[in-house]
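Student: Next up is a structure, given as structure tokens.
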Amino acid sequence: MNQVELISFDAEGTLVTPDFSETIWHEAIPALYAQKQGLDFAQAKRRIVEEYSRIGDQRLEWYDIEYWFDYLGLGSSEPVIQSCLNRIRYYPEAIDVISSLASEYKLIVASGTPLELLHLLLQDMKPYFVRVFSSVSHYKELKSPDFYLRICAEMGVKPNQVIHVGDNWQFDFLNSRQAGINAFYIDRSGENHHESLSDLTQLKDLLVYPI
Ligand SMILES: [Mg+2]
């Protein structure tokens with residue numbers, strides 16, 4: 001690995017647990033839809049989940065909360081987002097690792113979550129990051145190799161001077177690696193696949209004691 005100039009983190013599933021998103025997408029939105037349509041919660045949830053999978057995570061709309069509120073006729077997203085804020089959780093090691101790495105490296109966030117949600121998710125952690133990038137909000141694209149190259153250009157670094165870590169095999173690992181970045185896949189399932197990290201502490205250990 002070259003001299004590391006920048007460490008980039010995915011947000012959800014890497015720093016922040018899925019609790020907040022789970023609550024918004026699978027509880028609060030179906031509950032509101034049920035109320036608007038006069039359905040029971042289970043019916044509403046089935047219908048909503050069908051709609052989500054019809055779009056799928058390879059399309060930008062999947063990530064766009066405003067698209068869904070509009071499409072489902074749910075009014076303003078603001079009260080729903082506010083009602084779920086108490087569900088934001090960080091992984092237990094995240095703040096410690098981030099605060100300690102921030103004293104030695106430049107850190108950024110590179111996420112597919114739209115900025116309006118990303119800023120809320122990162123609240124306590126935001127001071128540790130020099131920049132927060134949302135592929136969807138800043139570049140209107142998924143976390144493609146091009147997204148990672150644009151971030152590198154924006155930060156004035158070469159891809160091989162960057163580490164990116166995230167929990168999505170395609171969007172975090174394969175696509176950043178294709179851009180020439182040193183990619184790490186974080187797998188919190190405990191199955192510990194070859195070369196994956198089981199948590200962020202392992203990333204820190206790797207930087208302190210390189211193999
Ligand atoms: Mg993720």
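The values are calculated or read from the model by the stated rules, or taken from the named source; none is laboratory data. Bear in mind the structure is a predicted one, so any value in this text is a computation, not a measurement. Here the Cβ is made from the backbone with ideal geometry for all residues, glycine too, and neighbour counts use every protein chain on show. Areas reflect the complete protein model, heavy atoms only, side chains present, ligands, DNA and RNA absent. Shrake-Rupley method; radii C 1.70, N 1.55, O 1.52, S 1.80 Å.
Student: Are there helices (runs of 4 or more DSSP H) fully within the stretch 23-94 with at least 3 residues that are of a type in the set (Phe, Trp, Tyr)? List them. Full working, then the answer.
Tutor: On the way: elements: 29-37, 41-55, 65-71, 78-84.
Hits in the stretch 23-94: 65-71.
Student: Which fully enclosed helices (runs of 4 or more DSSP H) of the stretch 133-201 have 1 or more residues being surrounded by fewer than 16 Cβ atoms within 10 Å (Cβ to Cβ) and charged (D, E, K, R)? Working first, answer last.
Tutor: Working: elements: 135-139, 145-155, 175-178.
Answer list for the stretch 133-201: 145-155.
Student: Would it be correct to say that Glu104 is more than 16 Å from the ligand (Cβ to nearest atom), at pLDDT below 95 and part of a loop (DSSP other than H, G, I, E, B)?
Tutor: Values: more than 16 Å from the ligand (Cβ to nearest atom): yes; at pLDDT below 95: yes; part of a loop (DSSP other than H, G, I, E, B): yes.
Spelling it out, Glu104 is indeed more than 16 Å from the ligand (Cβ to nearest atom), at pLDDT below 95 and part of a loop (DSSP other than H, G, I, E, B).
Student: How many residues are in contact with a strand residue (DSSP E or B) (Cβ under 9 Å, 6 or more places away or on another chain) and either near the ligand (Cβ under 9 Å from one of its atoms) or at pLDDT 95 or above (or both) when one looks only at the stretch 1-28?
Tutor: Residues of the stretch 1-28 that are in contact with a strand residue (DSSP E or B) (Cβ under 9 Å, 6 or more places away or on another chain), as a first pass: 1-2, 4-18, 20-21.
Add one more test, that the residue is either near the ligand (Cβ under 9 Å from one of its atoms) or at pLDDT 95 or above (or both), and what stays is 6-18, 20-21.
Number satisfying all stated conditions: 15.
Student: Would you confirm whether or not the stretch 173-181 contains a residue that is within 16 Å of the ligand (Cβ to nearest atom) and modelled with pLDDT under 95?
Tutor: The answer is no, given that none of the residues of the stretch 173-181 is within 16 Å of the ligand (Cβ to nearest atom) and modelled with pLDDT under 95.
Student: Considering only residues that are closer than 14 Å to Phe69 by Cβ and open to solvent by 10 Å² or more (accessible area, probe 1.4 Å), which ones fall in the stretch 15-34? First the steps, then the outcome.
Tutor: First pass over the stretch 15-34, keeping only residues closer than 14 Å to Phe69 by Cβ: 24-25, 28-33.
Those that are closer than 14 Å to Phe69 by Cβ and open to solvent by 10 Å² or more (accessible area, probe 1.4 Å): Trp25, Ala28, Ala31, Leu32, Tyr33.
Student: On to the next question. State whether one or more residues within the stretch 103-110 are more than 18 Å from the chain's Cα centre (by Cα), open to solvent by less than 70 Å² (accessible area, probe 1.4 Å) and in contact (Cβ under 8 Å) with a residue 24 or more places away in the chain.
Tutor: Taking the stretch 103-110 and keeping what is more than 18 Å from the chain's Cα centre (by Cα), we get 103-106.
Narrowing further to those that are open to solvent by less than 70 Å² (accessible area, probe 1.4 Å): 105.
Narrowing further to those that are in contact (Cβ under 8 Å) with a residue 24 or more places away in the chain: 105.
Looking for residues that are more than 18 Å from the chain's Cα centre (by Cα), open to solvent by less than 70 Å² (accessible area, probe 1.4 Å) and in contact (Cβ under 8 Å) with a residue 24 or more places away in the chain, one finds at least one in the stretch 103-110, hence yes.
Student: Which of (1) assigned by TED's automatic domain parsing to the domain that holds Asp172; (2) surrounded by fewer than 16 Cβ atoms within 10 Å (Cβ to Cβ) does Glu12 not meet, given it meets every other one?
Tutor: Of the numbered conditions (1) assigned by TED's automatic domain parsing to the domain that holds Asp172; (2) surrounded by fewer than 16 Cβ atoms within 10 Å (Cβ to Cβ), the odd one out for Glu12 is (2).
Student: Among Tyr105, Tyr148, Tyr139, which is the only one that is of a type in the set (Phe, Trp, Tyr) and more than 18 Å from Arg59 (Cα to Cα)?
Tutor: Working: Tyr148 fails: more than 18 Å from Arg59 (Cα to Cα); Tyr139 fails: more than 18 Å from Arg59 (Cα to Cα).
That would be Tyr105, the only listed residue that is of a type in the set (Phe, Trp, Tyr) and more than 18 Å from Arg59 (Cα to Cα).
Student: Also, I was wondering about something else. Which one of the conditions (1) loosely packed, with under 12 Cβ neighbours inside 10 Å; (2) without any contact (Cβ under 8 Å) to a residue 40 or more places away in the chain does Gln58 fail to meet, given that it meets all the rest?
Tutor: It is condition (2) that Gln58 fails.
Student: Name the residues in the stretch 77-102 that are in contact (Cβ under 8 Å) with a residue 40 or more places away in the chain and within 26 Å of Ala179 (Cα to Cα), would you?
Tutor: Passing the criteria: Ala94, Val97, Ile98, Leu101.
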